[in-house]
Amino acid sequence: MYSTPLIFAALGGVISENSGVVNIGLEGMMTLGALVGATVGYFTGNPWLGLLCAGLAGGLLAILHAIASITFGADQVVSGIAINFLGPGIALFLSRIFFEGATMTKSIDLDNKIPRPLDGIFQQNSFFDLVFNQYATVYIALLLVFIVWYMLYKTKLGLRIRAVGEHPKAADTLGINIYKIRYFSVILSGIFAGFGGAAMSLAVVSNFRPTLISGQGFIALAAMIFGKWKPQGAMWACLLFGAAQGIVVFLGSTAISISSQILAMLPYIITLLVLIGFVGKSAGPAANGVPYEKGER
Amino acid sequence: GQKTPEQAEKTKLKIAMVTDVGGVNDQSFNQSAWEGLKRAEDELGIKVSYKESRQDADYGPNMESLLDEENDLIWGIGYKMGNLVKEEAEKNPEQKYAIVDYAYEKTPENLVGVVFKAEQSSFLVGYIAGKMTKTGKVGFVGGVKGNVIDGFEYGYRAGVKKANKDVKVLVQYADSFTDAAKGKAIANQMYKDGADIVFHAAGGVGDGIIEAAKEQNKFAIGVDRDQSNLAPENVLTSAMKHVDTAVFDIAKSLKEGKFPGGTTVVYGLKEGGVDIAPTSNKHVPADILKEVEDLKQQIIDGKIVVPYNEKTFSEFK
Amino acid sequence: MKNITKVFGNFTANDNINLTVHKGEVHALLGENGAGKTTLMNILYGLYQPTFGEIRINGKTVTMTDPNVAIQHGIGMVHQHFMLVEPFTVAENIILGKETTTSFGKLDIKEAVSHVEELSKKYGLYVDPYAKIEDITVGMQQRVEILKALYRGAEILILDEPTAVLTPQEIQDLIDIIRNLTKQGKSIIIITHKLKEIKQIADYCTIIRRGKHIDTVDVSVTTKEELANKMVGREVNFVVEKKERERGDVVLEINNLVVKDNRGINAVDGLSLKVHAGEILGIAGVDGNGQSELIEGITGLRKIESGKIIMQGKDITGRTPKEILEHKISTIPEDRQKRGLVLDFSVEENMILENYYKAPFAKNGILQKDKIKSFAKKLVERFDVRPQDETLKARALSGGNQQKVIIAREVTNNPELLIAAQPTRGLDVGAIEYVHKALVEQRDKNKAVLLVSLELDEIMNVSDRIAVIYEGKIVGIVEANKTDENTLGLMMAGGGTGNEK
Amino acid sequence: MKNKKNSLKEMLFSGNFTITLISILLGLAVGAIALKIAGYSPIEAYSVILNGIFGKPKYISYTIIYATPLIMTGLSVAFAFKTGLFNIGAEGQFIVGALVATLVGYFVKLPIVLHAIVVFAAAITAAGIWGAVAGFLKARFGVHEVIATIMLNWIALYLNNYVIMLEGFKRPNSEASYKIWDTATVGILEKWRYTDAGRVWLKAHPILQSIFKTPINLGIICAILLAVLVWFILSKTTLGYELRAVGSNKYAAEYGGINVNKSIIISMSIAGALAGAAGAMQVMGISKQVSILAAMEGYGFDGIAVSLIGSNGAFGCIFAGLLFGALKYGGPKIQSAMGAPSEIVSIVMGTIVYFIAMPKFIKMLLDARKRKEVK
Ligand SMILES: Nc1ncnc2c1ncn2[C@@H]1O[C@H](COP(=O)(O)OP(=O)(O)OP(=O)(O)O)[C@@H](O)[C@H]1O
Ligand SMILES: Nc1ncnc2c1ncn2[C@@H]1O[C@H](COP(=O)(O)OP(=O)(O)OP(=O)(O)O)[C@@H](O)[C@H]1O
Ligand SMILES: [Mg+2]
Ligand SMILES: [Mg+2]
């Protein structure tokens, strides 16, 4: 539950950075996605449409990032930071327009949210119920992990994406259109980040508010690096983080009296410890973050 | 003779407020305060405005620029501005100030503190929860532990205790006013552990809690304003805090030249500053509401003194 | 190619150059560093657009807007700096951009592999399609590059300094491959600085100097010397003069040293060696027999598993690179761009890489800019680094000039022991002559020089003694003037057992 | 001589100043469009903002107050960048700095000046260590600094909340700590302003009176000094040489005898100290206390933007910090003045950063105009 939005965003990061474009704009793309998802979901009463539009919104924002960092060889980190200002800015701006000045959207009632395919199959709060009775977004996320993995490592497209991320000049000499590939990857990453935001505002809760996305984008970024730029790796990282949060909640509910602030640190400390545990020498794609210019050497 | 509009403008009272980081649309006390001012505008013809704060560091400058705009009264909304407002008041003796949720040992003459007995409304919703739980377990989720939230927690506990000594109260803090996902996880955990009603005083985290209630088809209790619109079927009631009333009243008395400077105005049930949501009757049976009503009376008459922190709670029989 | 001109900013890299290549011929391009050879070829391959001039293929004019067009017209190019995706397999690299797929874009690696194997057989280019590039030797990588071109049906194959990085054996293989290709009607354009090779394989040779076309000659009727003079524009001296001299006492002593490589295998495996003052000790060997690890071991860049290294009587085993530098050991690293230079630093900053904290360059922690500048200025002049501007970023220098910067720095350290690894890789004869002089000077100052090179000629010309390294051990030491290429070649191949590596 | 001039230029706005200016204009233009869409008059809005920044001495003073921490966090990020490290952790280092400053400012009692110095020293030391942790994790375990610093940010946040809640530090009936002693503050004449003498004197000097309405303090001076220090360290010292070398090619640095791991740790600790200085100054100059944080305050993240707008140059950071401070302070005024959505501010900021990210585009615009003029 906690992990799902992270997985979406992290997958986005994986795609973009495998093509050699750093995307720290995930946070901003998620925020916009969250708002658009909640808004469309509220007005149309169709969560799927909401999810779709959220993806598109994230994608649109990603196009900005793409134009800057691919066409104009911008510093990808700077552009990403810009996205993180623009995303929330635009989101709140739109929110005020659609919800008579409110920065919080009206909430969507249960049956207009992303459905839970396995709802009611198990008896409430039984083990299975807690494990499997999840929102469709959860399954979509897991499915996407597989799809992205397949795309990156089993298809022609994936081979090209990774080649462009590793050694763009080589790809260029073989007549591969670096710009096309990178645009595709960046926009896709925006779409995924948008999904991630919607997974918050359409499944975890059913409305948007300015604080809904606070830091998830960066956690996703960390998860992607943690997962060594691989989809499955990123997924495990996200799940680990989610699990840690679960533990916190569980411990908090038990009698043992640890200061809740100390507890709250746990997920972050655990993540660090795990990284230290299996020496986290993670090196990304060779050309990651390097703008490509024809005729440059 | 006839006043020109300009003169009218000049003679018009001006009141402004500085929101805390929640912003004016926080669906909570900031918004409520603003509604109070708007009402003052409509009914008392007072000119009103607000300044939103994004981080704690904005309070000072916002105060300052409202000072420049020559308002007759400047509100600081939320305890976070407590000290600042006092200092401002001391720096600018000729300017009137007011603050929500803060009581000073000694209040400057040009400043009035307004506090709400959140514990009283929390007590009432606690009582309702205590009466209506089928599982004998109810929950409380706080945002970040602190005096204000303590008021909610212990008032609520007392209410539950009053209703039924044997009902267990699960208490947990989210250490955030924003992390809806965590709020949801906590609420789910509480429902799983057998609680069937959860009360929250945790801002944005509450969204997650009410969401959980919605999904599990359990009850949640809203806070600050009537939150039943978030989930009509699952919000049992809400512990309301009528910041609007307070803001309006002070505006009124200012207009009548009776500004209660130098004092701390306490808004409890008596003053209509706190209450349970009007929509409560949707889920709460009449007889319980009846009991709630005379509990109110007892509190107003001072027959019941509602505890507001651990110490007073331990003394609460 | 007719009247090709290419201008970069205000710099004319190619100035109205003509080049004609016939079917089935090997055409050599000869020129100093930065003469414009690579640029010209990049234009032919569509990587750069010519400022003026046109390209005709089989009579009809084509504009090479990008490599795709070039590829369609049967042009293939093996670049000076290989264009291979390290973490990919050989097969993946070859099919990249022209992938074989099954339903919905799924890669068909099997198909690709069989195709690759077929090509390998046809042209005698043997490679393991499943090996990762990062795990195979440079020679193998070059074969992959050639296969890439053939896989795309190249009829004209451009090779930019293909032999610069190869071992004698590999060069021989390459020459066979080239012959093989021309037999099958392919045309080859080869850029090289090695006149010997031109004589061996090229039919015609076009000489470029400072971007201008100097001459095109029939190789069979010209001499090395002629070529060299045309290229440099002056007399070039091939044989390194050095007078006999007695070698002094031991400077560096290595006792059965063991160093692992990145894959954790003992690359240096119980190696022992003595280097004396006033001698140049050449280390001959086929690439990948532990040369790199040996150097990194001595210089403290790689962990030493066991054994001892003694410098002038002091044990320096397992010391930090800094401490070892302090023991007056300087190194010309084999990978100039990775180890030797900070490409984004100016030339002057690079000139003090090892001495930045020492007087006169630094006074109690503060850099002395003017001292550094004047020092750098001197070296840039003395070592003829082009362009002569110490404020340029090292990145903007040609590989050859980058090398000069490093040599200048290391030699002026005046070390007791100078380690030179592939010091002339990719340099033109003029530059090479220069480097060799520098090494000999060191020796004549009674310093010790340890020369590691894959170029057998270089080793034989420059060294006093030659130690042959094989599988991490020294398999023999001979006097340079009492040996010949074949004996060394045999030793390098493992004492004549003939098992290739 | 010649390159003296250059270096001066670099100092001032390392990078192309006109590009920055044009980016700002474009940012404002986009903001204007957004305002129009929302149905407000851009001209009015911007005049409000301008007036809100320069209208009165105290506005300018506030702009500076807003800029101060951003300059320092910007320097922190920039410094790390120079060593090839991406310090997302300025946020957490800021928190630690502020927290420790408050602890020392409250629990330690020392004479004026000395106390302030001790507080500052303690704060930057602590924050330096906090930063060094990330450096150590990278050097020793190869943990990517981006992850490490992100995690450390949150840990710092909760640590802050935990410490504040401790008995004896938490001021009763509040969500904040006790205030630091006056001896530890860096305000300018803060008490005197409100003595009768001060009031009288200030009446006679309206400008100062206006300025002294703000908690103007020594923070900005500290920020500028730090900028000079950073510039000096990076370009003039052997330490700076080492760090930059490691930053742009650690293999060559290692070959040159530089201890790469040590450099990484040093760099991160200095970066941490810089961000910590921001936190310390915020406490000593403005808030005098730390309060419970429900969410990140964003000083660190804005610092990233500042550093990037300043193209990671020490003096670029001062400029960028002031720009950001101005927008953050002046921008929201359009809301109370004309009810326009203050999100415009983040949109404008975002756009500015966005265009600064792509000088190429700006250059293209310029060339296009030139060509027009030719015709
Ligand atoms: N991308 C570029 N930008 C600017 N100038 C370039 C670029 N590429 C080449 N040049 C210029 O063209 C000249 C020729 O470069 P080129 O690489 O063709 O030399 P070369 O003949 O290949 O030298 P070498 O024998 O070392 O390979 C260089 O001296 C350089 O000044
Ligand atoms: N990005 C660049 N901008 C400007 N000039 C460049 C650039 N890259 C390379 N050059 C120029 O290209 C010329 C040749 O570069 P290149 O790396 O091809 O040399 P090279 O062929 O490796 O020479 P050598 O044979 O000495 O190694 C250099 O003189 C350099 O000035
Ligand atoms: Mg070349
Ligand atoms: Mg070359």
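Every number in this text was worked out from the coordinates using simple rules, so none of it is lab data. These numbers were taken from a predicted model, which means no experiment stands behind them. As a convention, Cβ positions derive from the backbone with ideal geometry for all residues, glycine included, and neighbour counts pool all protein chains shown.
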Cα lying deepest toward the dipole's positive end in segment C:360-405, options C:Gly365, C:Thr391, C:Val380, charges on Cβ: C:Gly365
Chain A: DSSP helices with Cα axial extent of at least 20 Å and average Kyte-Doolittle hydropathy no lower than 1.0: A:26-44, A:47-66, A:76-98, A:136-154, A:178-198, A:231-253, A:260-277
Estimated 222 nm signal from helices in chain A, with DSSP H stretches of n ≥ 4 weighted -39500 (n - 2.57), rounded to 500: -21500 deg cm²/dmol
P(r) of chain B over all Cα-Cα pairs, binned every 10 Å from zero, in whole percent: 6, 27, 32, 22, 10, 3, 0, 0
For the protein assembly as shown: span of alpha carbons on each principal axis (Å, largest first): 119, 77, 73
Binned Cα-Cα distances of segment D:195-296, short to long, each 5 Å bin given as a whole percent: 2, 10, 13, 14, 12, 11, 10, 9, 6, 4, 3, 3, 1, 0
Normalised alpha carbon radius of gyration of segment C:2-232 [divisor 2.2 N^0.38 Å]: 1.02
Relative contact order of segment D:69-309, pairs being alpha-carbon contacts under 8 Å that are 6 or more residues apart, as %: 47 percent
Rounded if a/c under 1.5, otherwise prolate or oblate - segment D:69-309, Cα gyration tensor axes: prolate
Listed residue (D:Ala184, D:Asn261, B:Asn25) projecting farthest to the positive dipole end of the protein assembly as shown, Cβ model: D:Ala184
Peptide-level mean, for A:153-163, of C-beta atoms on other protein chains within 10 Å: 5
Rounded if a/c under 1.5, otherwise prolate or oblate - chain C, Cα gyration tensor axes: prolate
Charge dipole (debye, nearest 20) of the protein assembly as shown; +1 at Cβ of Lys and Arg, -1 at Cβ of Asp and Glu: 1720 debye
Chain C - charge dipole about Cα centre, Lys and Arg +1 at Cβ, Asp and Glu -1, debye rounded to 20: 1060 debye
Given B:Lys134/B:Lys296; C:Lys369/C:Lys404; C:Lys132/C:Lys196; C:Lys196/C:Lys482; B:Lys161/B:Lys290, the pairs whose alpha carbons are separated by over 26 Å: C:Lys132/C:Lys196
Most to least packed among C:45-52, B:310-317, B:31-38 [average Cβ atoms within 10 Å]: B:31-38, C:45-52, B:310-317
Spatial extent of segment C:339-412: Rg and Dmax, with the Cα atoms as the point set, Å: 11.3, 35
Acute angle (nearest 10 degrees) that the helix B:29-44 long axis makes with the longest principal axis of chain B, alpha-carbon atoms: 50 degrees
Chain B: calculated mean residue ellipticity at 222 nm from DSSP helix runs of at least 4, using -39500 (n - 2.57): -13000 deg cm²/dmol
Degrees separating the helix B:243-255 axis from the principal Cα axis of chain B, which is the longest one: 20 degrees
Percent antiparallel among DSSP beta bridges (both partners in chain B, rounded to 5): 5 percent
Cα-based reach from B:Lys258 at 12 Å (exclusive), listing aspartates and glutamates while leaving out same-chain residues under 8 positions away: B:Asp249
Cα centre as origin, Lys/Arg/Asp/Glu Cβ charges: segment B:17-89 dipole, Debye: 220 debye
Dimensionless Rg ratio for chain A, taking C-alpha atoms and the 2.2 N^0.38 Å reference: 1.02
Gyration tensor verdict on segment C:119-164 (Cα atoms; rounded if a/c is under 1.5, prolate if a/b is larger than b/c, oblate otherwise): oblate
Dipole of segment D:69-309, positive end: most advanced residue of D:Gly298, D:Tyr162, D:Ser174 [Cβ charges, Cα centre]: D:Ser174
Cα long-axis angle, helix B:180-192 against chain B (0 to 90 degrees, to the nearest 10): 30 degrees
